[in-house]
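Just below is one structure, and these are the notes that go with it.
The values are calculated or read from the model by the stated rules, or taken from the named source; none is laboratory data. Because the structure is a prediction, the values reported are computed rather than measured. Neighbour counts run over all protein chains shown; Cβ positions are idealised from the backbone, glycine included.
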Amino acid sequence: MPDVSRLTLKEAVSLAREEGPEKIIESLAQRVLQVGSKTNAYLHFDPDRIERAHKAGALHGVPISIKDNISTRGWETTCASKILVGYIPPYDATVIEKLREGGATLFGKCNMDEFAFGSSSETSAFGPVRNPWDLERVPGGSSGGSAAAVASGEAIAALGTDTGGSIRLPAAFCGVVGLKPTYGRVSRYGLIAFGSSFDQIGPLTQTVEDAAILMNVIAGHDERDSTSANLAVPDYTQSLHRPVKGLKIGLPKEYFVKGMDPEIEASVREAAKVYKTLGAEIKEVSLPHTHHSVAVYYIVAVAEASSNLGRFDGVEYGFRATNSTLRDLYFETRDLGFGEEAKRRILLGTFVLSAGYYEAYYRKGQKVRTLIRQDFEKAFKEVDLLLTPVSPTPPFKLGEKMTDPLTMYLSDIFTISVNLAGVPAMSLPCGFTKTNLPIGMQLIAQPFAEETIFQAAHAYEQETQWFKRKPKL
Amino acid sequence: MNPALLEMVPVIGLEVHVQLKTRSKLFCSSANEFGAEPNKNTCPVCLGLPGSLPVLNREALRLAVKVGLALNCQISGRIKFDRKNYFYPDLPKAYQISQYDMPVNGRGFLEIETREGIRKVGITRAHLEEDAGKLLHEGIKDGSLVDYNRAGVPLLEIVSEPEIRSPEEAHEYLTALKAILQYLDVSDCDMEKGSLRCDANVSVRPKGETKLGTKVEIKNMNSFKAVQKALEYEIKRQSNAVENGEKLVQETRLWNESKGQTFSMRSKEFAHDYRYFPEPDLVPFTFSRAEAEEIRKTLPELPAARAKRLMKQYGIPEKDAFRLVQDKKLVEYYEACIAQKVNPKMTSNWILSELLGNLNEKGLSIAQSPIAAVDSAGLIRLIENNTISGKMAKDVLPEMIETGKSAEAIVKEKGLVQVTDTKAIEQAVEKALQANPKSLEDFKAGKRQALGFLVGQVMKETQGKANPKLVNEILEKKLKAC
C-alpha cells in the first residue's frame with residue numbers, strides 16, 4: 001500500500017472514490033503529528049475538528065488545507081496575527097463554499113506571514129514556518145505554511161493567496177506547484193484583504209494536474225465579489241495534454257539581471273532549452289518598466305492595505321487591549337495586536353494616501369502601474385507565454401533578511417509585476433541547487449489564459465519529473 | 001470704517017443627507033428598515049467583517065439619479081466610488097464608501113419661494129454614500145453600545161451652493177427640497193427618524209463685500225425650524241463678533257435646542273485627513289444618457305410644475321400655489337376638494353388659513369386631518385351658496401374636528417343656517433334702530449363706528465345667523481332713509 005499521505009490530489013481522489021477518504025485523512029493527520037512541530041506549517045490543526053465533506057463532488061472527501069487568511073465558518077481565522085486571536089468567522093469564503101460543494105474535507109488552517117505581509121512566513125505572530133527541505137531556511141511567503149505542508153506531506157493540496165508573489169515564491173522555495181490566477185478569476189469574497197486590487201486565491205499542489213483539478217473547483221464568477229469576472233470556467237484538466245509544439249515563449253531580458261543567483265539563472269535557461277526540444281519557440285522580449293514594479297507595489301498595495309486593516313480596532317471582534325477610553329482602546333489594541341511589519345506597511349500606506357502626498361505617490365504609482373500592464377500587453381502580441389525565474393535567490397536562512405525590510409521586499413522582484421498587471425502566473429519546480437534546495441520557474445500568460453499555462457507547465461513537468469523528489473523530512 | 005455701521009450679510013449653504021427608501025442597504029442585501037431590534041438587519045458586509053465585499057444596490061443608484069434629474073443636475077456618465085477613511089465605532093470598516101470627485105449628480109438647482117418671488121438656489125452636487133451605525137450612550141454604564149442596523153443604509157448627500165441669503169430662505173429651501181423628495185417618493189424625509197438630516201454652513205460679510213467671511217459649520221439641528229433658529233442665532237453671534245473686532249474661528253458648532261444657542265464642539269485632537277482614494281472593490285462603470293432618460297420618464301409632476309399648473313388651471317395666486325405644493329399631501333387634499341366642484345380660490349384660502357390653522361393648533365399635519373377633503377369641500381360649499389357666513393364657518397370647523405360630523409349635520413343641528421330672508425333682517429334692523437336711538441344720532445352726526453355697533457346689535461338680535469353682507473346693505477339703506 002503506497003504511503004497514502006504522499007498521494008497526489010489526483011491519486012487521492014481516485015482512491016477516495018473507491019474507498020472513501022478516511023485512510024487518507026488519518027494518514028495525513030499522522031504526518032502532521034509527526035513533523036508538524038518541525039515545520040510549524042499549521043496554525044489550527046486538530047484531528048478531532050477535521051470537517052468532513054457532506055457531498056462527493058469532484059474531490060470525494062479528500063482533505064484540503066487552507067491558508068489562515070481565508071474565512072472558514074466556525075474555524076478561528078487569524079491571518080497569523082494577535083489582533084484576530086479568537087475571531088471565528090460566522091461565514092465561509094466563497095472558495096470554501098465551493099470546496100464544500102466540491103466534496104473537500106477541510107483539514108486545517110495554515111500558517112503565514114501576518115496579514116500576508118512578507119516573503120518568508122517569518123512575520124507570523126505564532127512562530128515562523130520552516131522549509132521542509134532545510135529547517136533552518138524559510139519556506140518563502142506569505143503562503144509559506146500552505147507550501148511547506150504540501151512539500152512535507154502534511155497536506156495533499158492547499159489554498160494560498162498571492163498579492164505580490166505569495167503563492168509563487170513559497171512554491172518555488174518548497175519545490176511545489178503554485179498558481180496565481182488572473183485577477184478576478186477566483187472570488188475574493190471571504191479573503192481577508194491585503195491589496196484589494198492585487199489579491200487572488202490559488203492552489204498549491206504537488207503536480208500541475210492537481211492544480212488544474214483544484215482550479216476547476218474554486219474558479220468562477222461570484223455575485224458577492226464585484227471584481228470577479230463574469231466568464232465561464234473551462235475544464236482546466238483538458239488543457240494539460242495539449243502539445244507545446246509551436247507555442248511561443250518569451251524570456252524578458254529584464255528578468256535575467258546581474259546579481260541574480262547563477263544556479264537559478266542556469267536552471268531557468270535550461271528549462272527554456274527543454275521547451276525548445278518540445279517544439280516551442282523561444283525568443284527574447286522586453287518588459288521595459290519592470291524596474292519600477294517593487295516601488296509601485298510598495299506604494300499602491302500598502303495604501304490599500306492600510307485602509308483594509310483599519311477595521312482591526314478591537315471594537316467588534318478579535319483582540320481588544322483595554323476598555324478605558326476609546327482613544328486607548330484604538331491605540332493600545334493596534335499597538336499590541338499588530339506586528340512590526342504590519343505596522344510598517346500601515347504607516348507607509350497611510351502616508352502615501354495622506355493629503356499632500358496622494359498625487360505624488362498613490363496616483364503616480366497607479367499611473368506607472370498602467371505602463372507595467374501595457375508592457376505585458378505588448379509582449380503578449382509577440383508570444384503566448386513568458387518564462388522567468390521566481391526568486392533572485394534560493395531559499396535563505398531564517399532571520400537573514402529580517403533586519404532590512406527593503407532587502408526582503410526585493411525578493412518579490414520577479415513576481416510583483418504579475419500582480420500589478422493582473423495576469424496569471426504559475427511557479428513550478430525546474431531544478432535544485434547543489435545543496436538540494438528547490439528552484440522554481442515562472443510561467444506567465446495573458447489574462448484568463450490559465451489554460452496555456454497548464455498546457456506548457458504539464459508538458460515540462462512530465463518531461464523533467466522534478467516533482468518526484470521529496471524532502472527527507 | 002466703523003464696523004458698527006456695516007450691515008452684515010449672511011452667506012448660507014446647506015448639506016442635507018437623505019436616506020433612500022430602498023428595500024435593502026447600499027452595498028448588501030440586509031434590510032433597510034427603521035426601528036428594528038438592534039443588529040438584526042446585519043450581515044458580514046455591513047458589519048465590516050474581514051473578507052466581506054460591497055456590491056452596489058442598483059435601485060439606490062436609480063433613486064439617486066431620479067433626485068438628480070428632479071434637481072436639474074448633470075448626471076455623471078461614470079459611476080465611481082471612493083473610500084473615506086477615519087476611525088469611529090459606528091463605522092465598522094474604518095472607512096465609509098462614498099463618492100469624492102465624481103458624484104453621481106453634478107451641478108443643478110431648485111426653486112424656492114421668497115418674499116421677492118420665486119428664486120433659484122444652486123445645487124453643487126448630490127452623491128451616494130453609506131450611512132454609519134448608531135451609538136447609544138444614554139443609561140449605559142461604563143461604555144456605549146453600537147447598533148449596526150443603520151450601517152450601510154443608502155444616503156444621498158445633497159449640497160447647496162452657498163447662495164442662501166437668510167434663515168428664512170434656508171427654511172424655504174429645506175421645505176422645497178423635502179417636497180421634491182416626497183413627490184419622487186425616494187425617502188420618508190422624517191427628521192425625527194433621521195431619514196433627513198441637515199447641517200448648515202454660515203458666514204457673514206459686510207454688504208457689498210465679495211470676499212467670504214469665516215465659515216462655521218452647524219450641526220445637531222433636528223427640525224427645519226431649528227435650522228432657522230440656529231442660523232438666526234449664529235448670524236447674530238458672528239455679526240456681533242465682527243462688529244466688536246473679534247476674530248472668528250473656522251469650526252464646527254452644535255445647536256443646543258433647549259438653550260437656543262450654538263456651542264463649539266470640543267476641539268478634536270486630530271484633524272481629519274480622510275485619505276480619499278478610489279474604492280478598489282467596486283469597478284467603475286458607465287451610466288448612459290439613455291439610462292438617465294429612462295429614469296426621467298418615470299418622474300412625476302414635480303412641485304414647481306404642479307404649482308404652475310394650479311395657477312393656470314384654477315387661477316389661484318402664485319404664493320398660494322407654491323405654498324400648497326410644498327406638501328404633497330396638502331396639494332392632494334386641495335385637488336381632492338376642487339374635485340367636488342367648489343371655488344378654487346376660496347378653497348385655497350380656506351385650506352391655507354383656516355384648516356391648517358386649526359390643525360396646527362392641535363399639532364396635526366394635513367395627512368392626519370380628521371376632516372376628509374370631501375367634508376372640507378362640503379363646508380366650503382355652504383359658504384359658497386350663502387347657507388352660512390364665513391364667520392360661522394370658522395366656528396363650524398373646530399366642531400367638525402371635535403365631533404367628526406359633517407358640516408351640513410352641524411349646521412342643521414345647531415340651527416346655524418344663515419338668515420338671508422331680507423324681511424327677517426329688516427325686522428331685526430328696525431328693532432336694533434329702535435333700541436339704539438343714540439347710535440342713529442351718532443351715525444347721522446358722521447360717526448361711522450356707529451354702523452359697526454348697529455351691525456353687531458342686529459347680529460345679536462339674529463343670534464349671529466344673519467348674513468353680515470345683507471345686514472350691512474339693509475342697515476345702510478335704512479340709515480340713509482332716516
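Residue by residue, here is whether (1) modelled with pLDDT under 95; (2) part of a helix (DSSP H, G or I); (3) closer than 27 Å to A:Met408 by Cβ holds:
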| residue | (1), (2), (3) |
| --- | --- |
| A:Ala172 | no, yes, yes |
| A:Met215 | no, yes, no |
| A:Ser226 | no, no, no |
| A:Asn230 | no, no, no |
| field | Of all residues making up the stretch B:272-289, the number that are at the interface with another protein chain (Cβ under 7 Å from one of its Cβ atoms) and β-branched (Val, Ile, Thr) | value | 1
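Quick one: is A:Tyr330 within 12 Å of another protein chain (Cβ to nearest Cβ), touching a Phe, Trp or Tyr at 6+ places or on another chain (Cβ under 9 Å), surrounded by fewer than 19 Cβ atoms within 10 Å (Cβ to Cβ) and not polar (S, T, N, Q)? Explain how you work it out, then say what you get.
Working: within 12 Å of another protein chain (Cβ to nearest Cβ): yes; touching a Phe, Trp or Tyr at 6+ places or on another chain (Cβ under 9 Å): yes; surrounded by fewer than 19 Cβ atoms within 10 Å (Cβ to Cβ): no; not polar (S, T, N, Q): yes.
Spelling it out, it is not the case that A:Tyr330 is within 12 Å of another protein chain (Cβ to nearest Cβ), touching a Phe, Trp or Tyr at 6+ places or on another chain (Cβ under 9 Å), surrounded by fewer than 19 Cβ atoms within 10 Å (Cβ to Cβ) and not polar (S, T, N, Q).
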| field | Flag if B:Val249 is closer than 30 Å to B:Val216 by Cα, aliphatic (A, V, I, L, M) and loosely packed, with under 13 Cβ neighbours inside 10 Å | value | yes
| query | Quick one: B:Thr347 ticks every box in (1) among the polar types (S, T, N, Q); (2) part of a loop (DSSP other than H, G, I, E, B); (3) touching a Phe, Trp or Tyr at 6+ places or on another chain (Cβ under 7 Å) bar one, so which box is it? | reply | (2)
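Tell me yes or no: at least one residue of the stretch A:399-418 is within 14 Å of chain B (Cβ to nearest Cβ) and either surrounded by fewer than 17 Cβ atoms within 10 Å (Cβ to Cβ) or touching a Cys at 6+ places or on another chain (Cβ under 7 Å) (or both). Walk me through how you get there before you give the answer.
First, pick out the residues of the stretch A:399-418 that are within 14 Å of chain B (Cβ to nearest Cβ): none.
No: the stretch A:399-418 contains no residue that is within 14 Å of chain B (Cβ to nearest Cβ) and either surrounded by fewer than 17 Cβ atoms within 10 Å (Cβ to Cβ) or touching a Cys at 6+ places or on another chain (Cβ under 7 Å) (or both).
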| said: Looking only at the stretch B:323-368, count every residue that is free of Cβ contacts under 8 Å to residues at least 24 places away in the same chain and under 18 Å from B:Ser389 (Cα atoms) and tell me the total. | reply: 1
| request: Give the residues of the stretch B:271-325 that are closer than 30 Å to B:Ala373 by Cα and crowded, with 20+ Cβ neighbours inside 10 Å, sorted by residue number. | output: B:Pro303, B:Ala304, B:Arg306, B:Ala307, B:Leu310, B:Ile316, B:Asp320, B:Ala321, B:Phe322, B:Arg323, B:Leu324, B:Val325
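Given the condition among the charged types (D, E, K, R), under 12 Å from the mean Cα position of the chain (by Cα) and more than 20 Å from A:Thr452 (Cβ to Cβ), answer yes or no: does some residue in the stretch A:192-200 qualify?
yes
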| query | Only one of these conditions is not met by A:Thr163: (1) hydroxyl-bearing (Ser, Thr, Tyr); (2) touching a Leu at 6+ places or on another chain (Cβ under 7 Å); (3) within 14 Å of another protein chain (Cβ to nearest Cβ). Which number is it? | reply | (2)
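Working only within the stretch A:313-327, note down all residues that are assigned to a loop (DSSP other than H, G, I, E, B) and either more than 8 Å from chain B (Cβ to nearest Cβ) or free of Cβ contacts under 8 Å to residues at least 60 places away in the same chain (or both). Before you say what the answer is, go through the steps one by one.
Quick first cut of the stretch A:313-327, residues assigned to a loop (DSSP other than H, G, I, E, B) only: A:313-325.
Across the stretch A:313-327, the qualifying residues are A:Asp313, A:Gly314, A:Val315, A:Glu316, A:Gly318, A:Phe319, A:Arg320, A:Ala321, A:Thr322, A:Asn323, A:Ser324, A:Thr325.
Do any strands (runs of 3 or more DSSP E) lying entirely in the stretch B:94-202 carry at least 3 residues that are within 23 Å of B:Ala307 (Cβ to Cβ), and which ones are they?
On the way: elements: B:95-98, B:108-114, B:117-130, B:134-136, B:145-147, B:154-160.
Strands (runs of 3 or more DSSP E) meeting the threshold: B:108-114, B:117-130.
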| Filter result (in contact with a Leu (Cβ under 7 Å, 6 or more places away or on another chain) and in contact (Cβ under 8 Å) with a residue 60 or more places away in the chain) within the stretch A:221-267 | A:Arg224, A:Asp225, A:Val244, A:Leu247, A:Ile249, A:Gly250, A:Leu251, A:Pro252
| task | Would you point out which residue out of A:Val208, A:Val233 is touching a strand residue (DSSP E or B) at 6+ places or on another chain (Cβ under 8 Å), away from chain B (no Cβ under 13 Å) and surrounded by fewer than 22 Cβ atoms within 10 Å (Cβ to Cβ)? | result | A:Val233
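Run down A:Ser143, A:Ser196 and say which single residue is in contact with a Lys or Arg (Cβ under 9 Å, 6 or more places away or on another chain), at pLDDT 95 or above and within 18 Å of A:Lys109 (Cα to Cα). Steps first, answer last, please.
On the way: A:Ser196 fails: within 18 Å of A:Lys109 (Cα to Cα).
None of the other options fit; the residue is A:Ser143.
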| query | Only one of (1) out of contact with any helix residue (DSSP H, G or I) (no Cβ under 8 Å at 6 or more places or on another chain); (2) more than 29 Å from A:Asn308 (Cβ to Cβ); (3) among the aliphatic types (A, V, I, L, M) is not met by B:Ile12, so which one is it? | reply | (1)
| query | Somewhere in the stretch B:142-153, is a residue of a type in the set (A, V, I, L, M, F, W, C), within 14 Å of another protein chain (Cβ to nearest Cβ) and touching a helix residue (DSSP H, G or I) at 6+ places or on another chain (Cβ under 9 Å)? | reply | no
| query | Just checking, how many residues over the stretch A:270-312 are away from chain B (no Cβ under 12 Å) and part of a loop (DSSP other than H, G, I, E, B)? | reply | 7
| Within the stretch B:66-87, can one find any residue that is farther than 27 Å from A:Asp222 by Cα, within 13 Å of chain A (Cβ to nearest Cβ) and among the aromatic types (Phe, Trp, Tyr)? | yes
| said: Quick test for you: out of B:Glu15, B:Glu33, B:Glu59, pick the one residue that is within 17 Å of B:Leu155 (Cβ to Cβ), without any contact (Cβ under 8 Å) to a residue 40 or more places away in the chain, more than 10 Å from chain A (Cβ to nearest Cβ) and of a type in the set (D, E, K, R). | reply: B:Glu59
| request: Kindly check whether there is at least one residue in the stretch A:239-254 that is within 30 Å of A:Ile96 (Cβ to Cβ) and either surrounded by 15 or more Cβ atoms within 10 Å (Cβ to Cβ) or touching a Lys or Arg at 6+ places or on another chain (Cβ under 9 Å) (or both). | output: yes
| Is it the case that some residue within the stretch B:304-314 is under 29 Å from B:Leu470 (Cα atoms) and out of contact with any Gly (no Cβ under 8 Å at 6 or more places or on another chain)? | yes
| task | Being closer than 29 Å to B:Phe27 by Cα, of a type in the set (Asp, Glu) and either in a loop (DSSP other than H, G, I, E, B) or away from every other protein chain (no Cβ under 14 Å) (or both) narrows it down to one of B:Glu294, B:Glu335, B:Glu301, so name that one. | result | B:Glu294
| field | Matching residues in the stretch B:420-456 - criterion: being under 28 Å from B:Glu384 (Cβ atoms), in contact with a Ser or Thr (Cβ under 9 Å, 6 or more places away or on another chain) and surrounded by fewer than 19 Cβ atoms within 10 Å (Cβ to Cβ) | value | B:Thr420, B:Ala424, B:Leu451
| request: Would you check which residues across the stretch B:1-55 are surrounded by 22 or more Cβ atoms within 10 Å (Cβ to Cβ), in a loop (DSSP other than H, G, I, E, B) and within 28 Å of the chain's Cα centre (by Cα) and list them? | output: B:Leu20, B:Lys25, B:Leu26, B:Asn32
| message | Can you tell me which condition B:Arg58 does not meet? The list is (1) within 30 Å of the chain's Cα centre (by Cα); (2) more than 30 Å from B:Ala305 (Cβ to Cβ), and all the others hold. | response | (2)
